[in-house]
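Student: Could you have a look at this structure, given as structure tokens, before my questions?
The values are calculated or read from the model by the stated rules, or taken from the named source; none is laboratory data. If you're wondering where the values come from, they're calculated on a predicted model, not measured in any experiment. Neighbour counts are summed over all protein chains in view; Cβ atoms, including those assigned to glycine, are modelled from backbone coordinates with ideal geometry. Keep in mind that these areas ignore ligands, DNA and RNA; they rest on the heavy atoms of the full protein, side chains included. Shrake-Rupley method; radii C 1.70, N 1.55, O 1.52, S 1.80 Å.
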Amino acid sequence: RPIFPEPIPGPVPEVPALLSRLRLQTRSLALLGGMAVVIVLSMLVFLAVRVRTITRNEAFDKSAQIAQRMAADFGEDLDGAMGAARILARQVEASATRQATIDRPAMARSVQAILESDPFFYGVWFQAEPGRFDGRDAEFAGQPGYPADGAFLPYAQRLNGGIDLTYSTGTFAEYADEDYYTIPLKAGKECILEPYVEPDAGNALMTSTCVPVFVDGKAVGVAGVDLVLK
């Protein structure tokens, strides 16, 4: 027969001590598991925030690029409108130096021609100081196309798919305090108006390039181009 060694007698672990050891191990495992969960969740939150930040920054960058391109395009249009207003202002200035030869209908047609030169323009206009353009306001007072004071306020605008040209849309007093007139005259230099809502254009948001006209230091009026800011 095989001979098996006799077991060496020794202390048998008590049940309470064994249970206590198991509880400690369970707590340790729970603590480690909880820490692992917290670490994983923290990593997920960090990655989510990081991805969101990267996505947002990319969106901002693309938006900025689009805005810069649009601003450049609109800047060219705005330069064109200001250049057109300067041309009209120089025409008015040249005419006002020889009042006896001024032909109002011919000047009005020049206003229309400038409007026709660029489809981006909504309206082209000139507002003359009383008696300062050709000195003939009294002569034109009440005539067809003119108001009671004979003011020369030619305005060409795009209307119903065509171009509407008027010699005056009202008396000078009705428009004497408008920003497009007072601001450039008081400043003595050209300006671009803050965007405004124009009821006569279907409440469209618009701006205007305005150039004052002076002859011998005296104000003759203001020439301008209106733009719709679609």
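Student: Given the convex hull over the Cα atoms of the chain, what projected area results after averaging over all orientations, in nm²?
Tutor: 29.3
Student: I would also like to ask the following. Just add up the charged neighbours of Ala141: K/R +1, D/E -1, any other residue whose Cβ is under 14 Å from the Cβ of Ala141.
Tutor: Neighbourhood net charge equals -2.
Student: Based on DSSP H runs of at least 4 residues, each adding -39500 (n - 2.57), what is the mean residue ellipticity at 222 nm of the chain after dividing by all its residues, to the nearest 500 deg cm²/dmol?
Tutor: That calculation yields -17000 deg cm²/dmol at 222 nm.
Student: Follow-up question, since we're still on this one. Tabulate in residue order the Karplus-calculated ³J(HN,Hα) for the range 110-118, using 6.51 cos²θ - 1.76 cosθ + 1.60 with θ = phi - 60°, rounded to whole Hz; enter x for Gly and Pro.
Tutor: 5, 4, 5, 4, 5, 5, 5, 6, 8
Student: Considering only Ala128, Ala36, Ala176, give the residue with the highest GNM mean-square fluctuation for the chain, with springs between Cα atoms whenever their separation is below 10 Å.
Tutor: Sorting by GNM fluctuation, first place goes to Ala36.
Student: So how much accessible area does Ser63 have, in Å² to the nearest 10, using a 1.4 Å probe?
Tutor: Rounded to the nearest 10, the figure is 70 Å².
Student: For Asp77, what accessible surface area do you get with a 1.4 Å probe? Give it in Å², rounded to 10.
Tutor: Spelled out: Asp77, probe radius 1.4 Å, area about 60 Å².
Student: Round to the nearest 10 and report in Å² the accessible area of Asp103, as given by a 1.4 Å probe over the protein chains' heavy atoms.
Tutor: Estimated to the nearest 10 Å², Asp103 gives 80 Å².
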